[in-house]
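Notes to accompany the following structure.
The values are calculated or read from the model by the stated rules, or taken from the named source; none is laboratory data. All values derive from a computational prediction rather than experimental measurement. A quick note on method: Cβ atoms are made from the backbone with ideal geometry, for glycine too, and the neighbour counts reach across all protein chains shown. Each accessible area value is taken on the protein alone, full model and side chains, heavy atoms only, with ligands, DNA and RNA left out. Shrake-Rupley method; radii C 1.70, N 1.55, O 1.52, S 1.80 Å.
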Amino acid sequence: MKKQQFSYTLEDLAERLSARLVGDPAVRVSGLSTLVDAAPGDIAFLANRAYLKYLGESEATAVLLHESHLEECKCNALVLDNPYLAYAELSRLFDPLAGTPQTSVHASAVVDETAQLGANVEIGPQVVIGPGARVGDNSRILAGCVIGADSSVGEGALLHPNVTLYHGVMIGARAVLHSGCVIGADGFGFAHDGKGWHKIAQLGGVLIGDDAEVGSCTSIDRGALGDTIIGNDVKIDSQVQIAHNVQIGDHSALAGCVGIAGSTKVGRYCLMGGGVGLAGHLEICDGVQVTGMSLVTNSISKPGVYSSGTGAMDNGLWRRNAVRFKQLDQLARRLNQVEKRLKDK
């Protein structure tokens, strides 16, 4: 795609971000970069003290930063309490995909006659929209996407190329779905008769709330009977597996390779680090953070930070600790016996 040209005055950006401008308000910036990579004409940001050492050497025309770092800045500055949040807001101004849809239906798209398309929608090449499906106003459905029968996409949503929505999937307003994600495939439901497996039809759907985002190659399974529910403003990274009838509360975030087994309920404002696994039929309360590569096998009823597993260490030390771990039960029994003898004395 043709690179879009951006140009903003520092006065404009300060007003948009409610920042205090220190410098020339008429100076224009046309790019967003890191302190290290910035060139003249770029605006950079300082949100982590670890990068403070690059501030004085940066070639950026302007920098987003906190008041406490202003004295060390040698260029124009936009001063804010939360530079990282300001960077997030600013990044959308430099996004080549931002803006209004192209308002067109590509000639190669297949749109069922019973489907409903809202105003100002963009339907890309080779898109397939099934019977009874609905696409909200100002939505963008890019190349190769499939929207199944009776599914709906909310206003202002963006489906990147090759997103697949099965039947009966509801996507909220302003949601973003990245390439290769599959929403509404069958949950893993089978009954065994002693000899073989018998499939359980998955009769529910998937509901994804407003302002949610789903990463590439992530799978969210449809419910067995009720629906799998993803709340408003939930952020899901790439290669995440969410099983049937899982519920995730508003404003939670799941990093890459998280796996959640069936019927588990995750509360609001929860954070799951990369590689976290949640067993099935659990309840995780609001405000829980689970650190990377942890395995959760029991419900959590108290907000806080939870971890499991061990971090990497020297292999010889790990082997010795692994042997000791196997001896824990025996050691606990021996300790109980010692404590009992001491009590009896």
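Between Gln116 and Leu97, the simple label model (points 7 Å from Cα in the Cβ direction) yields a spacing of 2.7 nm.
The listed residues His281, His244 rank as His281, His244 when sorted by accessible area, largest first, using a 1.4 Å probe. Can you give the net charge of the other residues whose Cβ lies under 14 Å from the Cβ of Val182, counting K and R as +1 and D and E as -1? That sum, taken over residues with Cβ under 14 Å, equals -1.
Taking K and R as +1 and D and E as -1, what net charge do the other residues with C-beta under 13 Å from the C-beta of Arg28 add up to?
Within the 13 Å Cβ shell, the charges total -4.
In the context of the full protein assembly, Asp12 retains an accessible surface of approximately 70 Å², using a probe radius of 1.4 Å and ignoring ligands and nucleic acids. For Gly205, the residues whose modelled amide H falls within less than 5 Å of its own, excluding neighbours fewer than 5 places apart on the same chain, are Gly223, Asp227, Thr228. If a/c stays under 1.5 just call it rounded; otherwise compare a/b with b/c (prolate if a/b is bigger, oblate if not). Do that for the chain, with a ≥ b ≥ c from the square roots of the Cα gyration tensor eigenvalues. Cα axes put the chain in the oblate bin.
Straight Cα distances below 23 angstrom link Lys53 to the lysines Lys74, with same-chain residues fewer than 8 positions distant left out. Cα centroid separation, the range 1-43 to the range 122-175: 34 Å.
Bridging of Lys199 to lysines at a Cα separation below 29 Å is possible for Lys265, once same-chain residues fewer than 8 apart are set aside. Can you give the direction-averaged projected area of the convex hull of the alpha-carbon atoms in the range 141-208, in nm²? Over every viewing direction, the Cα hull of the range 141-208 projects on average to 5.0 nm². Close amide H pairs (under 5 Å, H built 1.01 Å from N) link Val105 with Ile123, residues at least 5 positions away or on another chain. Here the range 24-160 has 50 percent of its accessible surface on carbon and sulfur atoms, given a 1.4 Å probe and all protein chains in place.
Select from the range 70-157 those trypsin sites (Lys or Arg not before Pro) which occupy a DSSP coil region and have at most 15 other Cβ atoms within 10 Å, ordered by residue number.
Working: sites: Lys74, Arg92, Arg134, Arg140; in loops: Lys74.
The qualifying sites are Lys74.
Helix-only mean residue ellipticity at 222 nm, the chain, DSSP H runs n ≥ 4 weighted -39,500 (n - 2.57), per residue, nearest 500. What is it? Walk me through the numbers on the way to the answer.
On the way: 4 runs with 48 residues, N = 345.
Dividing the helical sum by the residues of the chain leaves -4500 deg cm²/dmol.
Separation of the range 303-333 and the range 48-99, taken as the distance between their Cα centroids, equals 43 angstrom. Amide H of Lys265 versus every other amide H placed in the peptide plane: which residues, excluding those fewer than 5 positions away on the same chain, fall under 5 Å? Amide H to amide H, under 5 Å and 5 or more residues apart or across chains, Lys265 pairs with Gln247, Leu282, Glu283, Ile284.
With a ≥ b ≥ c the root eigenvalues of the C-alpha gyration tensor of the range 1-101, is it rounded (a/c under 1.5), prolate (a/b larger than b/c) or oblate? It is prolate, given that a/c is not under 1.5 and a/b is the larger ratio. Here Cys217 sits with roughly 80 square angstrom of accessible surface, probe radius 1.4 Å.
Between Gly309, Gly280, Gly144, the GNM of the chain built on Cα springs shorter than 10 angstrom shows Gly309 fluctuating the most. Using θ = phi - 60° in the Karplus curve 6.51 cos²θ - 1.76 cosθ + 1.60, the 3J(HN,Hα) couplings for the range 107-116 round to 4, 8, 6, 10, 10, 4, 5, 8, 6, 10 Hz; x is entered for Gly and Pro.
In square angstrom, what is the accessible area per residue of the chain with a 1.4 angstrom probe?
Working: 19020 Å² over 345 residues.
In whole numbers, the chain has 55 Å² accessible per residue.
For the range 233-330, rounded, prolate or oblate, judged on the Cα gyration tensor with a ≥ b ≥ c (square roots of eigenvalues), a/c < 1.5 rounded, else prolate if a/b > b/c? Prolate, since a/c reaches 1.5 and a/b exceeds b/c.
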